[in-house]
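Enquirer: Please find one structure pasted underneath; my questions will follow.
The values are calculated or read from the model by the stated rules, or taken from the named source; none is laboratory data. Keep in mind that what you see is a predicted model, and the values were worked out from it rather than measured. Heads up, the Cβs are rebuilt from the backbone with ideal geometry, glycines too, and the neighbour counts pull from every protein chain shown.
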There are 2 protein chains.
Amino acid sequence: MYYAGIDLGGTNIAAGIVDDDGKIIESMSIPTGAQRNFHEIVCDMAELVKNLCQKKQISIDEIRAVGIGCPGSIDSEKGVCEYSNNLNMCHADITGEFRKILDIPVYLENDANAAALGEYEINAKGSKSFVFVTLGTGVGGGVIINGEIFRGFNGVGAELGHTVINVDGEKCTCGRKGCWEAYASVTALIRQTKAAMEKHPESSMHKFAQEEGKISGLTSFLAAKEGDKYANQVVQKYFEYIAEGITNIINIFQPEKLAIGGSISKEGDYLLKPVSAMVERDDYNKYMPKAKIEIAKLFGDAGIIGAAIAAKNALNRD
Amino acid sequence: MYYAGIDLGGTNIAAGIVDDDGKIIESMSIPTGAQRNFHEIVCDMAELVKNLCQKKQISIDEIRAVGIGCPGSIDSEKGVCEYSNNLNMCHADITGEFRKILDIPVYLENDANAAALGEYEINAKGSKSFVFVTLGTGVGGGVIINGEIFRGFNGVGAELGHTVINVDGEKCTCGRKGCWEAYASVTALIRQTKAAMEKHPESSMHKFAQEEGKISGLTSFLAAKEGDKYANQVVQKYFEYIAEGITNIINIFQPEKLAIGGSISKEGDYLLKPVSAMVERDDYNKYMPKAKIEIAKLFGDAGIIGAAIAAKNALNRD
């Protein structure tokens, strides 16, 4: 049997058919059109599942359940998106609407939790505790304790990016000042890169930005690898911000494993090694086994796989 | 039947006999003599249990189990203190030694975890998740999820005070800079008070310090309540530091309840109201039920009661 996993993002809806082993056997993606009425978005998601079945030449009856990962405040028990800033949703009964179109069991999960579950099931299965951190446009997180997503009592916990690491610091999208997200996201890295470029017109960061046509999360990394001193300062400081947040998380959770995902994680060892060394230096735990820090392995697929696995788990519980 | 709870601190060993309802029916306290060999400390703890029984005129056989809350890195499964800075201990087999003297089941727990469990059992029982924060000489914490102490995979998690809220900020005892403990502990408050007093010789904080014979955690509170402007600035800023850390914890755990303990919690509503308002303002969760923030109710007894309950729970599990 198969499961469908849908990663409902602010830009794209990515969906896939996932087999019992958590492998994607077919996938598709369409633009979200995030400002539309949620009914239209739900219609598109149901249509995507149908199209995936058609493409893979399987019957819709072979899909045991559908999982949807959705950004925002999610009530998983009710299957309702209570609020999503990115998707312009408020009290949106996504699962109720979905079942009006396709009569398949459907489960809603916060997108970061779903991605954490996906990464856990495929790459950290059996760990007593696991934390997934995504460094992308924002900083997201998901926590898996004893194989279960940890949500807090109201379902909206594990907002790891929205923890202040710098009192009265940079303004964050959440309204606070100094959140980890405002220092360790790619958005923050771009801001840090721009500031250094303005200060140092001689830096090769200007050349790389020109080549790419914009200042991006890559600019400082490319220039630093080429030996640019100022770019290296940006990158090293950025690593420190990442490490501050990860050390905080480790001192709190002491997870057996912690995986770093999101677009910046593609830097692999270039990021992992210095960040791990900083965490090792600062970790409060000096005498017991240490949390293992890794680069996430699923990259963009974690959301689809995790949503499908969330649906599978929920179905097995029901 | 009864349980014995021991709160092994850097200054005193406090112990009590606790009944099945978690009530202390007899208690005693002796100085720790923290620099002594751990065997001597263990002897004293066993002696304390005997003396408590004698004082209460019950037989030692009526004590079903003994729980010990100990600061530092604790391996609860082995009953060993792997490391304690305060107690000068390293790989100290506390439970093994204890049983050589008194043949009663004995369990070792981190002291902050034990206190959290005590407060949970007596005042938050049934909450899906509970966080206990102690603002004292340091900032400690304990997390209870589904009625169980959350320790992380290696037993030393929930070090809530050792999370940086101010990158490159005040030096912390753990070696990092800018930990919550370095801003929200009473030690930090005293430092903040001293700085304000040096700047403002006209502040009535000087009068209160003189009356008490020292600058303490009370100095700024007493002067602020009398209307001293500079003391009020110290107290308000201190509240903000407390709130930053609590908001971080809430964004991570979204616990059903969070209780503030430690010496400063005796300020009651004077502290709780402004801190709660700041957390309410900054909490990432705007659309789901909110974590309930309270002042802890057990004060100094949480450690004894929690250690006894930890022993009771462990015994029931075995």
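Enquirer: Which of the residues belonging to region A:259-318 are among the polar types (S, T, N, Q) and either more than 19 Å from the chain's Cα centre (by Cα) or buried (at least 20 other Cβ atoms within 10 Å of the Cβ) (or both)?
Expert: Of region A:259-318, the ones among the polar types (S, T, N, Q) are A:263, A:265, A:276, A:285, A:313, A:316.
Across region A:259-318, the qualifying residues are A:Ser265, A:Ser276, A:Asn285, A:Asn313, A:Asn316.
Enquirer: Given the conditions (1) surrounded by fewer than 23 Cβ atoms within 10 Å (Cβ to Cβ); (2) aliphatic (A, V, I, L, M); (3) touching a Ser or Thr at 6+ places or on another chain (Cβ under 9 Å), report the number of the one that A:Leu102 does not fulfil.
Expert: (3)
Enquirer: So, A:Gly9, is that one crowded, with 16+ Cβ neighbours inside 10 Å, within 23 Å of A:Phe299 (Cβ to Cβ) and away from every other protein chain (no Cβ under 14 Å) or not?
Expert: The answer is yes for A:Gly9.
Enquirer: Being in contact with a helix residue (DSSP H, G or I) (Cβ under 7 Å, 6 or more places away or on another chain) and not basic (Lys, Arg) is the filter here; which residues of region B:275-300 pass it?
Expert: The answer is B:Val275, B:Met278, B:Val279, B:Asp282, B:Asp283, B:Tyr284, B:Ala291, B:Ile293, B:Ile295, B:Ala296, B:Leu298.
Enquirer: So, one more: Considering only region B:68-130, give the strands (runs of 3 or more DSSP E) lying wholly within it that have at least 3 residues that are over 26 Å from B:Ala259 (Cβ atoms).
Expert: Numbers: elements: B:73-75, B:80-84, B:89-92, B:106-110.
Counting at least 3 such residues, we get B:80-84, B:89-92.
Enquirer: Identify, from the list B:Leu102, B:Leu87, B:Leu117, the residue that is under 30 Å from A:Arg151 (Cα atoms) and either modelled with pLDDT of 95 or more or within 14 Å of chain A (Cβ to nearest Cβ) (or both).
Expert: Working: B:Leu102 fails: under 30 Å from A:Arg151 (Cα atoms); B:Leu87 fails: under 30 Å from A:Arg151 (Cα atoms).
It is B:Leu117.
Enquirer: Can you say whether A:Leu258 is under 22 Å from B:Ile144 (Cα atoms) and either more than 9 Å from every other protein chain (Cβ to nearest Cβ) or small (Gly, Ala, Ser) (or both), as far as the supplied structure shows? Steps first, please.
Expert: Values: under 22 Å from B:Ile144 (Cα atoms): yes; either more than 9 Å from every other protein chain (Cβ to nearest Cβ) or small (Gly, Ala, Ser) (or both): yes.
When the stated conditions are applied, A:Leu258 passes them.
Enquirer: Considering every residue within region A:230-247, establish whether at least one is of a type in the set (Gly, Ala, Ser) and within 14 Å of chain B (Cβ to nearest Cβ).
Expert: Here is the first cut: in region A:230-247, the ones of a type in the set (Gly, Ala, Ser) are A:231, A:243, A:245.
Next, only the ones that are within 14 Å of chain B (Cβ to nearest Cβ) stay: A:243, A:245.
Scanning region A:230-247 turns up at least one residue that is of a type in the set (Gly, Ala, Ser) and within 14 Å of chain B (Cβ to nearest Cβ).
Enquirer: Of all residues in region B:67-83, which are closer than 16 Å to A:Pro289 by Cα, crowded, with 22+ Cβ neighbours inside 10 Å and under 16 Å from the mean Cα position of the chain (by Cα)?
Expert: Going residue by residue through region B:67-83, those that are closer than 16 Å to A:Pro289 by Cα are B:72-78, B:80-83.
Cutting the leftovers down to crowded, with 22+ Cβ neighbours inside 10 Å gives us B:73-74, B:81.
If the condition is that a residue be closer than 16 Å to A:Pro289 by Cα, crowded, with 22+ Cβ neighbours inside 10 Å and under 16 Å from the mean Cα position of the chain (by Cα), then B:Ser73, B:Ile74 are the ones that fit.
Enquirer: Here is a list: A:Ala307, A:Ala314, A:Ala291. Which entry is within 14 Å of another protein chain (Cβ to nearest Cβ), over 25 Å from A:Ala195 (Cβ atoms) and touching a strand residue (DSSP E or B) at 6+ places or on another chain (Cβ under 8 Å)?
Expert: Numbers: A:Ala307 fails: within 14 Å of another protein chain (Cβ to nearest Cβ); A:Ala314 fails: within 14 Å of another protein chain (Cβ to nearest Cβ).
Only one candidate passes the filter, namely A:Ala291.
Enquirer: Turning to a different aspect of this structure: Suppose we filter region A:1-35 for residues that are without any contact (Cβ under 8 Å) to a residue 40 or more places away in the chain, part of a loop (DSSP other than H, G, I, E, B) and under 23 Å from A:Thr137 (Cα atoms); how many remain?
Expert: Result for region A:1-35: 2.
Enquirer: Here's something else I'd like to know. Name the single residue that is surrounded by the most Cβ atoms within 10 Å (Cβ to Cβ) among those in region B:175-223 being away from every other protein chain (no Cβ under 14 Å) and under 22 Å from A:Tyr284 (Cα atoms). Lay out the reasoning, then the answer.
Expert: Let us first name the residues in region B:175-223 that are away from every other protein chain (no Cβ under 14 Å), namely B:185-187, B:189-191, B:193-223.
Those left that are additionally under 22 Å from A:Tyr284 (Cα atoms): B:185-187.
Working: B:Ser185: 28, B:Val186: 20, B:Thr187: 16.
Residue satisfying both the conditions and the ranking: B:Ser185.
Enquirer: Okay, next question. How about region B:199-263: which helices (runs of 4 or more DSSP H) wholly inside it have at least 1 residues that are out of contact with any helix residue (DSSP H, G or I) (no Cβ under 8 Å at 6 or more places or on another chain)?
Expert: On the way: elements: B:205-212, B:219-225, B:229-253.
The helices (runs of 4 or more DSSP H) meeting that bar are B:205-212, B:229-253.
Enquirer: Moving on. Name the single residue that is farthest from B:Ser276 (Cα to Cα) among those in region B:132-163 being more than 10 Å from chain A (Cβ to nearest Cβ) and among the aliphatic types (A, V, I, L, M). Show your work before the answer.
Expert: Just the residues of region B:132-163 that are more than 10 Å from chain A (Cβ to nearest Cβ), to begin with: B:132-140, B:142, B:144, B:147, B:149.
Imposing the further condition that a residue be among the aliphatic types (A, V, I, L, M) reduces the set to B:133, B:135, B:139, B:144, B:149.
Values: B:Val133: 14, B:Leu135: 15, B:Val139: 18, B:Ile144: 21, B:Ile149: 25 Å.
Across region B:132-163, the extreme among qualifying residues is B:Ile149.
Enquirer: Find all pairs meeting these conditions: Cβ atoms under 7 angstrom apart; at least six residues apart or on different chains; first residue within region A:176-196 and without any contact (Cβ under 8 Å) to a residue 24 or more places away in the chain; second residue in a helix (DSSP H, G or I).
Expert: Going by the 7 Å Cβ cut-off, the qualifying pairs are A:Arg176/B:Asp282; A:Ala182/A:Ala188.
Enquirer: Right, another one. Run down B:Ile41, B:Ile60 and say which single residue is closer than 17 Å to B:Leu8 by Cα, aliphatic (A, V, I, L, M), modelled with pLDDT of 95 or more and not assigned by TED's automatic domain parsing to the domain that holds B:Ile260. Break it down stepwise before answering.
Expert: Working: B:Ile60 fails: closer than 17 Å to B:Leu8 by Cα.
Going through B:Ile41, B:Ile60 in turn, the sole match is B:Ile41.
Enquirer: Against the condition in the same structural domain as B:Thr173 (by TED's automatic domain parsing), crowded, with 24+ Cβ neighbours inside 10 Å and out of contact with any helix residue (DSSP H, G or I) (no Cβ under 6 Å at 6 or more places or on another chain), how does B:Val133 come out, does it pass?
Expert: Working: in the same structural domain as B:Thr173 (by TED's automatic domain parsing): yes; crowded, with 24+ Cβ neighbours inside 10 Å: yes; out of contact with any helix residue (DSSP H, G or I) (no Cβ under 6 Å at 6 or more places or on another chain): yes.
For B:Val133, the condition - in the same structural domain as B:Thr173 (by TED's automatic domain parsing), crowded, with 24+ Cβ neighbours inside 10 Å and out of contact with any helix residue (DSSP H, G or I) (no Cβ under 6 Å at 6 or more places or on another chain) - is met.
Enquirer: For region A:227-254, give me each residue that is in contact (Cβ under 8 Å) with a residue 40 or more places away in the chain and buried (at least 19 other Cβ atoms within 10 Å of the Cβ).
Expert: A:Val234, A:Tyr238, A:Tyr241, A:Ile242, A:Glu244, A:Gly245, A:Ile246, A:Asn248, A:Ile249, A:Ile250, A:Phe253, A:Gln254
Enquirer: Here's another thing I want to ask about it. Considering only region B:214-226, state which residues are touching a residue at least 12 places away in the same chain (Cβ under 8 Å) and touching an Asp or Glu at 6+ places or on another chain (Cβ under 8 Å).
Expert: B:Thr219, B:Phe221
Enquirer: Looking only at residues that are free of Cβ contacts under 8 Å to residues at least 12 places away in the same chain and assigned to a loop (DSSP other than H, G, I, E, B) in region A:37-66, which one is nearest to the chain's Cα centre (by Cα)?
Expert: A:Asn37
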